[in-house]
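Here is the structure we will look at, set down as structure tokens.
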């Protein structure tokens with residue numbers, strides 16, 4: 001079984017975000033990047049499947065800032081192959097373009113599962129997994145919390161709102177958007193990453209034709225103005241509780 | 001008549017032959033057991049500890065001669081052990097003199113054991129024989145009282161999951177055998193004197209008194225018969241004892257001398273590096289062959305005295321770890337894996353199968369992650385066991401597999417990404433200085449006499465940033481020329497290394513050293529004892545030799561040379577908590593005390609103080625792990641200890657982590673208002 005895990009670097013919010021002079025993009029000069037948390041979960045779930053079934057895992061990423069580090073870390077964790085898609089900048093790309101570039105490369109590979117993070121903090125025009133499924137023309141499930149493989153089939157748990165979980169059965173190949181792996185992503189020691197950086201190499205593949213449109217344009221980036229209208233409820237604990245009950249009732253909660 | 005005694009008195013020739021046959025067999029059994037031990041240690045990895053053999057020998061001899069490590073904080077056990085030790089040594093020398101005189105010198109017609117020498121010999125041996133028996137009796141009394149530290153009950157297993165009766169049997173055999181050997185020795189001396197009554201034997205006062213006793217019991221006529229049987233009982237026990245030595249706890253007489261001799265003075269303070277080849281396959285120890293010969297010897301050196309078991313903060317908090325049990329489990333595992341002549345072993349209901357991983361299976365990860373690396377076990381161990389090195393080497397194996405709790409994992413990732421454990425931006429490292437109305441020098445850009453290595457907690461923790469500002473103000477007021485590395489500083493790595501993340505540690509050392517090399521300063525001082533330890537003891541191995549001191553030492557010097565003037569003697573009572581990494585690791589217990597004395601506070605030490613201080617529970621990465629499952633947090637235990645002092649209103653600390661831990665502990669133990677945690681800088685600020 002072959003599992004392909006598209007991963008990407010997203011802005012690290014620890015540094016705080018700045019909007020550039022155009023007002024239509026982030027100021028990327030001092031920006032720090034980290035692996036999209038959901039992609040980390042997708043990779044973890046893929047590595048668990050590898051341990052269970054002996055699958056091979058390929059981590060793939062569009063060329064962008066700091067992406068080599070993410071790929072080497074994936075290899076240190078257990079990915080068998082690491083691929084960088086070149087000829088396109090993954091930084092600031094629309095989801096449609098990213099999905100197309102990845103589909104161009106993945107389409108030419110042999111695979112059973114494509115597992116990527118359900119979303120990323122910088123997704124602009126939709127989530128990657130569903131678009132990727134579209135360009136690959138393969139079945140798709142998102143918000144996945146567990147994947148169990150049997151033969152050429154997989155049982156997939158998807159989380160719905162309100163605490164519901166649905167189970168899907170699907171036949172390979174398919175594309176999954178991973179919400180969470182069964183366990184938190186593993187730690188990989190620094191020495192191992194350093195070791196991999198010396199011994200492993202990143203395979204580079206050209207993106208090909210990415211001539212798709214997201215169908216929308218950014219007109220403005222801005223920091224939301226914090227809403228007013230907060231009401232502080234004073235008085236004794238009993239008074240406060242009574243007021244809260246009253247308020248909740250007035251909003252239709254019974 | 002010449003003063004002497006006949007060896008093999010009244011012995012037919014055949015019995016003499018029988019004795020030599022038994023004696024040589026015994027010695028053969030001893031040598032074989034000893035050989036098996038040596039073979040066991042030879043299976044360990046190499047360790048560069050064979051330098052300065054004479055110096056090492058003298059160091060061990062000095063400790064053994066004085067029994068100083070046994071005396072430490074336990075005068076009763078120390079004195080009893082001293083009596084037994086010297087009794088045994090002198091009796092051994094006496095026996096050796098008899099053997100040399102009778103078996104060798106006699107053949108060339110020389111006889112030294114006679115005349116005045118014989119009389120002196122008799123007296124000395126009688127006196128030390130009494131020492132020997134008194135020491136053993138004291139130990140019997142001590143054991144009869146069942147002290148907690150000699151209780152072999154485990155923290156981590158239920159009683160039906162293990163069996164340690166072998167240990168108790170060994171203890172009894174060892175003690176009683178020695179006692180009976182001593183007793184029968186005196187008895188046969190007494191009957192020999194009673195039989196002939198040579199007047200000069202009054203120089204054997206104990207034998208003489210026993211002879212009197214035999215006379216008074218009317219058994220003088222049977223003396224020769226009792227002597228013959230008594231002599232054989234004594235001899236058989238001695239022979240059994242000699243054969244028993246390498247197969248039992250009696251082995252400590254030999255192993256522990258070697259263990260003290262090959263002990264590293266910097267053990268735990270400077271952890272072993274992982275060489276590049278090893279780094280490729282994994283940092284940690286996976287099989288018993290990964291341990292060094294010294295570590296294998298450590299496991300055998302343990303006498304189960306329980307001192308580490310008593311002092312360990314993790315054990316006291318009710319966690320799975322007991323340093324004693326860890327060492328004994330590693331011994332058991334080594335014995336099973338590579339063979340050993342040990343007769344008295346512990347057994348388990350579920351024996352670990354061969355090929356089991358050590359870290360995480362033979363030794364559970366709970367045991368390994370419970371350690372606070374406070375070094376109390378290493379410090380208190382009378383026989384030079386280096387528990388901490390083994391713990392970290394095994395933790396390294398857990399880190400290799402990522403076998404750790406999420407919080408620790410996230411913290412390590414943060415340190416890797418941002419250089420600090422808080423997961424905050426590197427650029428905010430010196431944000432705490434913004435509230436100061438002066439600017440602190442940036443030693444990367446301008447020269448300063450001192451570089452202040454601040455450390456993560458004092459830089460990022462809101463509660464401790466205030467303390468950092470106080471330090472900055474006091475030093476500025478005193479006109480000290482100092483600067484910071486600003487965002488160039490990273491976590492020094494002390495606790496990262498003790499967690500077992502050696503690769504990350506090396507990265508931090510490289511990064512910090514790169515900045516330090518480019519900065520201009522003469523000396524480093526730090527408010528963080530953890531950074532202090534690693535920069536002082538571990539950075540030199542990476543080529544970074546810096547002069548570094550703790551801020552308490554700097555402040556004391558400033559007061560002594562008049563730079564910092566005391567305007568007000570404080571007068572109130574305080575107690576002081578010695579930080580593990582300052583007091584125990586680096587022996588700095590005087591500077592903070594002298595500093596407090598200069599400030600005019602009345603210091604009342606807690607029962608556990610100085611190098612015997614009780615850890616706050618934060619070290620070795622524990623501050624990045626969950627402590628909610630403990631029976632009692634070490635920090636809370638410590639606050640209770642401080643409260644036993646009575647009316648001491650202030651609990652003084654000199655470590656950022658201590659401030660955080662104990663401020664919390666005062667609240668969580670419900671003692672708010674009874675005692676207040678202050679940093680030593682609060683006192684200085686008040687007094688100047």
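The values are calculated or read from the model by the stated rules, or taken from the named source; none is laboratory data. Here the structure is a predicted model, which is why all the values come from computation and not from measurement. Positions of Cβ are backbone-derived with ideal geometry, glycine not excepted, and every protein chain shown enters the neighbour counts.
All but one of (1) in the same structural domain as residue B:289 (by TED's automatic domain parsing); (2) modelled with pLDDT under 95 hold for residue B:427; state the number of the condition that does not hold.
(1)
Tell me whether segment B:323-337 contains one or more residues that are at pLDDT 95 or above, buried (at least 24 other Cβ atoms within 10 Å of the Cβ) and not in a helix (DSSP H, G or I).
No: zero hits.
Among the candidates A:214, A:201, which residue alone is closer than 30 Å to residue A:143 by Cβ and assigned to a loop (DSSP other than H, G, I, E, B)?
From the options A:214, A:201, the qualifying one is A:214.
So residue B:106 passes all but one of these: (1) surrounded by 13 or more Cβ atoms within 10 Å (Cβ to Cβ); (2) in a helix (DSSP H, G or I); (3) modelled with pLDDT of 95 or more. Which condition number does it fail?
Result: residue B:106 passes all but (3).
Looking only at segment B:438-458, how many residues end up being in contact with a helix residue (DSSP H, G or I) (Cβ under 9 Å, 6 or more places away or on another chain) and either under 25 Å from residue B:659 (Cα atoms) or not in a loop (DSSP other than H, G, I, E, B) (or both)?
Count: 11.
Can you tell me which condition residue A:43 does not meet? The list is (1) more than 22 Å from the chain's Cα centre (by Cα); (2) crowded, with 23+ Cβ neighbours inside 10 Å, and all the others hold.
(1)
Suppose we filter A:130, A:114 for residues that are part of a strand (DSSP E or B) and under 27 Å from residue A:184 (Cβ atoms); which single one remains?
On inspection, the qualifying residue turns out to be A:114.
Starting from residues that are buried (at least 20 other Cβ atoms within 10 Å of the Cβ) and within 21 Å of the chain's Cα centre (by Cα), keep the ones in segment A:181-195 and report whichever is farthest from the other protein chains (Cβ to nearest Cβ).
A:181
Results for (1) closer than 21 Å to residue B:203 by Cα; (2) at pLDDT 95 or above; (3) in the same structural domain as residue B:205 (by TED's automatic domain parsing); (4) surrounded by fewer than 16 Cβ atoms within 10 Å (Cβ to Cβ), shown as yes or no for each residue.
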site: B:84; (1), (2), (3), (4): no, yes, no, no
site: B:88; (1), (2), (3), (4): yes, yes, no, no
site: B:120; (1), (2), (3), (4): yes, yes, no, yes
site: B:125; (1), (2), (3), (4): yes, yes, no, no
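So for segment B:671-685 (the condition being within 22 Å of residue B:491 (Cβ to Cβ) and in contact with a strand residue (DSSP E or B) (Cβ under 7 Å, 6 or more places away or on another chain)), does at least one residue qualify?
Within segment B:671-685, one or more residues are within 22 Å of residue B:491 (Cβ to Cβ) and in contact with a strand residue (DSSP E or B) (Cβ under 7 Å, 6 or more places away or on another chain).
Taking the condition assigned to a loop (DSSP other than H, G, I, E, B), more than 14 Å from chain A (Cβ to nearest Cβ) and out of contact with any strand residue (DSSP E or B) (no Cβ under 8 Å at 6 or more places or on another chain), does residue B:378 pass?
no
Please count how many residues of segment A:94-111 are part of a loop (DSSP other than H, G, I, E, B) and either at pLDDT 95 or above or surrounded by fewer than 21 Cβ atoms within 10 Å (Cβ to Cβ) (or both).
Within segment A:94-111, residues that are part of a loop (DSSP other than H, G, I, E, B) and either at pLDDT 95 or above or surrounded by fewer than 21 Cβ atoms within 10 Å (Cβ to Cβ) (or both) number 5.
So which of B:113, B:107, B:119 is more than 29 Å from residue B:256 (Cβ to Cβ) and free of Cβ contacts under 8 Å to residues at least 60 places away in the same chain? Lay out the reasoning, then the answer.
On the way: B:113 fails: free of Cβ contacts under 8 Å to residues at least 60 places away in the same chain; B:119 fails: free of Cβ contacts under 8 Å to residues at least 60 places away in the same chain.
Going through B:113, B:107, B:119 in turn, just one is more than 29 Å from residue B:256 (Cβ to Cβ) and free of Cβ contacts under 8 Å to residues at least 60 places away in the same chain: B:107.
Of the residues A:136, A:164, A:131, which is loosely packed, with under 13 Cβ neighbours inside 10 Å and out of contact with any strand residue (DSSP E or B) (no Cβ under 6 Å at 6 or more places or on another chain)?
Matching residue, one of A:136, A:164, A:131: A:164.
Going through segment A:196-245 one residue at a time, which ones are surrounded by fewer than 10 Cβ atoms within 10 Å (Cβ to Cβ) and more than 36 Å from the chain's Cα centre (by Cα)?
Once the filter is applied, which keeps residues that are surrounded by fewer than 10 Cβ atoms within 10 Å (Cβ to Cβ) and more than 36 Å from the chain's Cα centre (by Cα), segment A:196-245 yields A:231, A:232, A:234, A:236, A:237, A:238.
Starting from residues that are crowded, with 19+ Cβ neighbours inside 10 Å and touching a residue at least 60 places away in the same chain (Cβ under 8 Å), keep the ones in segment B:414-443 and report whichever is nearest to residue A:190 (Cα to Cα).
For segment B:414-443, the residue satisfying everything is B:416.
Kindly evaluate residue B:54 against the criterion of being at pLDDT 95 or above, surrounded by 15 or more Cβ atoms within 10 Å (Cβ to Cβ) and closer than 30 Å to residue B:380 by Cβ.
Spelling it out, it is not the case that residue B:54 is at pLDDT 95 or above, surrounded by 15 or more Cβ atoms within 10 Å (Cβ to Cβ) and closer than 30 Å to residue B:380 by Cβ.
When residues of segment B:459-472 are filtered for being within 14 Å of another protein chain (Cβ to nearest Cβ) and assigned to a loop (DSSP other than H, G, I, E, B), how many remain?
0
State whether the residues of segment A:20-33 include one that is within 22 Å of residue A:138 (Cα to Cα) and either modelled with pLDDT under 95 or within 14 Å of another protein chain (Cβ to nearest Cβ) (or both).
For segment A:20-33, residues within 22 Å of residue A:138 (Cα to Cα) and either modelled with pLDDT under 95 or within 14 Å of another protein chain (Cβ to nearest Cβ) (or both): absent.
Could you tell me whether segment B:496-510 includes any residue that is within 22 Å of residue B:619 (Cα to Cα) and away from chain A (no Cβ under 14 Å)?
yes
Among the listed residues B:389, B:411, B:373, B:380, which satisfies the condition of being at positive phi and modelled with pLDDT of 95 or more? Give the steps one after another, and end with the answer.
Numbers: B:389 fails: at positive phi; B:411 fails: at positive phi; B:380 fails: at positive phi.
When all the criteria are applied, what remains is B:373.
Residues that are within 30 Å of residue B:477 (Cα to Cα) and either modelled with pLDDT of 95 or more or in the same structural domain as residue B:394 (by TED's automatic domain parsing) (or both): which helices (runs of 4 or more DSSP H) entirely in segment B:617-688 hold 1 or more of them?
Details: elements: B:634-643, B:656-668, B:680-687.
Counting at least 1 such residues, we get B:656-668, B:680-687.
When segment A:46-68 is examined, which residues are found to be under 16 Å from residue A:186 (Cα atoms) and buried (at least 17 other Cβ atoms within 10 Å of the Cβ)?
Within segment A:46-68, A:46, A:47, A:48, A:49, A:50, A:57, A:59 meet the criteria.
For segment A:203-212, state whether one or more residues are farther than 30 Å from residue A:27 by Cα and more than 14 Å from every other protein chain (Cβ to nearest Cβ).
no
This table checks each residue for (1) surrounded by fewer than 20 Cβ atoms within 10 Å (Cβ to Cβ); (2) closer than 29 Å to residue B:335 by Cβ.
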residue: B:204; (1), (2): no, no
residue: B:215; (1), (2): yes, no
residue: B:224; (1), (2): yes, no
residue: B:234; (1), (2): no, no
residue: B:256; (1), (2): no, yes
residue: B:259; (1), (2): no, yes
residue: B:280; (1), (2): yes, no
residue: B:287; (1), (2): yes, yes
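Mind listing just one residue for me: the one in segment B:396-417 that is in a loop (DSSP other than H, G, I, E, B) and facing chain A (nearest Cβ under 7 Å) and, of those, nearest to the chain's Cα centre (by Cα)? Let's see the steps before the verdict.
Start the filter on segment B:396-417 by keeping residues that are in a loop (DSSP other than H, G, I, E, B), which leaves B:402-405.
After this cut, where a residue has to be facing chain A (nearest Cβ under 7 Å) as well, the list is B:402, B:404.
Values: B:402: 29, B:404: 27 Å.
Of everything passing the filter in segment B:396-417, B:404 is nearest to the chain's Cα centre (by Cα).
State whether the residues of segment B:507-517 include one that is out of contact with any helix residue (DSSP H, G or I) (no Cβ under 9 Å at 6 or more places or on another chain) and either crowded, with 24+ Cβ neighbours inside 10 Å or in a helix (DSSP H, G or I) (or both).
Within segment B:507-517, the subset out of contact with any helix residue (DSSP H, G or I) (no Cβ under 9 Å at 6 or more places or on another chain) is B:517.
Adding the requirement that they be either crowded, with 24+ Cβ neighbours inside 10 Å or in a helix (DSSP H, G or I) (or both) leaves B:517.
Checked against the condition, which is being out of contact with any helix residue (DSSP H, G or I) (no Cβ under 9 Å at 6 or more places or on another chain) and either crowded, with 24+ Cβ neighbours inside 10 Å or in a helix (DSSP H, G or I) (or both), segment B:507-517 yields at least one hit.
Does segment B:418-436 hold any residues that are touching a helix residue (DSSP H, G or I) at 6+ places or on another chain (Cβ under 9 Å) and either away from chain A (no Cβ under 14 Å) or on the phi > 0 side of the Ramachandran plot (or both), and which are they?
Correct list: B:419, B:423, B:430, B:432, B:433, B:435, B:436.
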